[in-house]
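The values are calculated or read from the model by the stated rules, or taken from the named source; none is laboratory data. What you see is a predicted model; the values in this text were computed from it and never measured. A quick note on method: Cβ atoms are made from the backbone with ideal geometry, for glycine too, and the neighbour counts reach across all protein chains shown. Keep in mind that these areas ignore ligands, DNA and RNA; they rest on the heavy atoms of the full protein, side chains included. Shrake-Rupley method; radii C 1.70, N 1.55, O 1.52, S 1.80 Å.
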Amino acid sequence: MSRPSPRTWMLASALLSTWGLSCTPPEEPFPNQDELEVLQSLHTPSPLPPRDPTNKYGDNPAAAALGQRLFNDPSLSSCGDVSCKSCHDGEGRSVDTAVARGCNGTLTGRNPPTVWNAGYSTWFMWDGRADRLWNQALLPLLNPVEMNSNAGHLKARLEADYADEYLAVFEKEIGKETDPDRVLANFGKAIAAYERTLNRHDAPFDQDVRRFLEAAKAGKAEEDPAYLGLKTFVRKGQCSACHKGPMLSDDQFHNIGVKDLSDGQRGVAAAASSMLEWTFNSAGPYSDAPGGVESARLLRLRNDLSQKARELEGAYKTPTLRNVQLTAPYMHTGELKTLEDVIDLYDKGGEPVGNYAGRVSVTVKRLDLTPEEKKALLELLESMTGTAK
Ligand code: HEC
Ligand code: HEC
């Protein structure tokens, strides 16, 4: 069976509308050229994350080995029993509760995202208050509700247990570090080097997309088992407007109407200004590449804050969908327990106005998915679980 090209289809629907026929025009075959390009963007990520020029130790194996020990060490916390691993462990590298427990049983304000594939992002935390993986690590270390630590305690722990490794990686004796901020930055850089090895992709999803693209080329898209899932993801659901590229994330911030009446409800709109002034940001003195691209990135965000203020109100980072089946519950609040709940939220076009910071979600609209489309979308999300390396 030959399939009409998009051009023929456009012509046909133009004719139909001039004739004023009341029947609906035949649906344009999926994928059209634009959709094909989106599908091609969803390919398997490169095996290792792109280099981070702001961390010169990022791909240093000795730094990664040091980082791995630090990641797992609860003695770095003031209470002595909370490490990064406490909240980023197990198959999903997260916790299975909405929020997590830090020092003295205090609860975090938000759901811990996975640290799988963290090296592929450039913004961190749901509200983007860290702009590189290494500076992100300082936030939980110092946060009173997480590890509640400080530079003095960190330095003492490094001197006691990590002196040789520190010297080998940073070429300076830890005892001779006079700048507490340098000790913090180096801690973050070693942790990031380790996190950059926590990669988990190569999912059944990738094979499905590759096979589907071949089928589409042969004019047999509709016969492929992934047809309905991909069509719903890309066309009717518009998921790929934000969940695109190899990581299934645009690494940007959007308000999708997630219910949140907490103090943190303004998302990036509230967090960005202090990040832009932060000593440890990627354009600051502790970055190994402070100029150029990094300054431009921050400048763009600064401009967005003034020019797109309304869009950034209540906006959070688009999370990767890789391994999403392993990281329930969902959203920055951790309020949605299952992927079915997530699909239902999108289906109704977000929570009703008044339940979240943005007065209207400028990004999502009601979808009215059929039960078949919901099922196909769910199976697609479940197929995104990758292989741990
Ligand atoms: C008490 C629990 C807890 C501890 C301990 C903890 N985290 Fe987290 N982590 C979280 C929460 C909650 C978030 C999300 C916070 C937010 O966005 O406001 C998070 C976010 C992150 C992110 C951002 C991921 C992304 O995609 O934006 C990374 C990376 C991370 N943590 C690494 C670490 C490292 C490294 C440590 C140790 C130095 C650590 N975490 C300690 C709970 C924790
Ligand atoms: C306008 C951009 C946008 C669109 C369109 C979009 N998403 Fe999202 N997605 C996000 C953002 C932003 C979040 C986090 C929101 C929050 O926590 O407030 C998110 C969260 C999620 C999560 C939760 C992941 C986690 O780790 O908590 C899933 C699953 C998800 N989206 C799937 C989908 C599906 C399926 C579609 C299509 C029906 C879709 N998204 C459409 C931006 C988008």
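Worth a mention:
- Taking all protein chains together and a 1.4 Å probe, the residues Arg110, Arg132, Arg310 rank Arg310, Arg110, Arg132 from largest to smallest accessible area.
- Relative to the dominant Cα principal axis of the chain, helix 204-217 is inclined by about 30°.
- Here's the picture: charge each Lys and Arg Cβ at +1 and each Asp and Glu Cβ at -1 in the chain, and of Gly67, Gly152, Gln307 the one pushed furthest to the positive end of that dipole is Gln307.
- Rounded percent of accessible protein surface that carbon and sulfur make up, the chain, 1.4 Å probe: 54 percent
- Residue order for His88, His332 - accessible surface, 1.4 angstrom probe, largest first: His88, His332
- The stretch between Ser306 and Asp89 holds 74.3 nm of extra length on full extension. This uses 0.36 nm per residue minus the Cα-Cα distance.
- FRET efficiency, Val353 to Asp250 (Cβ-Cβ, R0 22 Å, nearest 0.05): 0.35
- Value of Rg/Rh across the chain [Cα atoms, Kirkwood radius]: 1.02
- Net charge dipole, the stretch 180-330: roughly 240 debye, given to the nearest 20, about the Cα centre with Cβ charges of +1 for Lys and Arg and -1 for Asp and Glu.
- Using only side-chain charges placed at the Cβ, +1 for Lys and Arg and -1 for Asp and Glu, the dipole size of the stretch 254-300 relative to its Cα centre rounds to 200 debye.
- About its Cα centre, the stretch 61-198 has a charge dipole of approximately 240 debye under the convention of +1 per Lys or Arg Cβ and -1 per Asp or Glu Cβ, with nothing else charged.
- Taking amide hydrogens as placed 1.01 Å from N in the peptide plane, the amide H of Gly267 sits under 5 Å from those of Gly314, each at least 5 positions away in sequence or on another chain.
- Residue-wise HN-Hα couplings along the stretch 257-264, as the Karplus relation 6.51 cos²θ - 1.76 cosθ + 1.60 with θ = phi - 60° gives them from phi, are x, 7, 4, 6, 10, 7, 5, x Hz; Gly and Pro carry x.
- Above-threshold pairs, the threshold being 23 Å between Cα atoms, out of Lys236/Lys308; Lys244/Lys374; Lys244/Lys317; Lys259/Lys374; Lys244/Lys375; Lys259/Lys317: Lys236/Lys308
- Folded to 0 to 90 degrees: helix 61-71 orientation relative to the chain principal axis, Cα: 90 degrees
- With a simple spin-label model that places each label point 7 Å from the Cα along the Cα-to-Cβ direction, the separation between Leu48 and Val293 comes to 1.6 nm.
- On Cα atoms only, tilt of 371-382 relative to the major axis of the chain in degrees: 30 degrees
- Between amide H atoms placed 1.01 Å from N, distances below 5 Å from Ala130 occur with Phe124, all of them 5 or more places distant or on a separate chain.
- Spatially proximal aspartates and glutamates relative to Lys220 (Cα-Cα < 15 Å; intrachain offsets below 8 disregarded): Glu28, Asp208
- Average accessible area per residue (Å²) across the stretch 61-198 - probe 1.4 Å, nucleic acids and ligands excluded: 39 Å²
- Lysines whose Cα lies under 23 Å from that of Lys56, excluding same-chain neighbours fewer than 8 positions away: Lys155, Lys172, Lys176, Lys189
- Ser94 accessible area, 1.4 Å probe, all protein chains in place, Å² to nearest 10: 20 Å²
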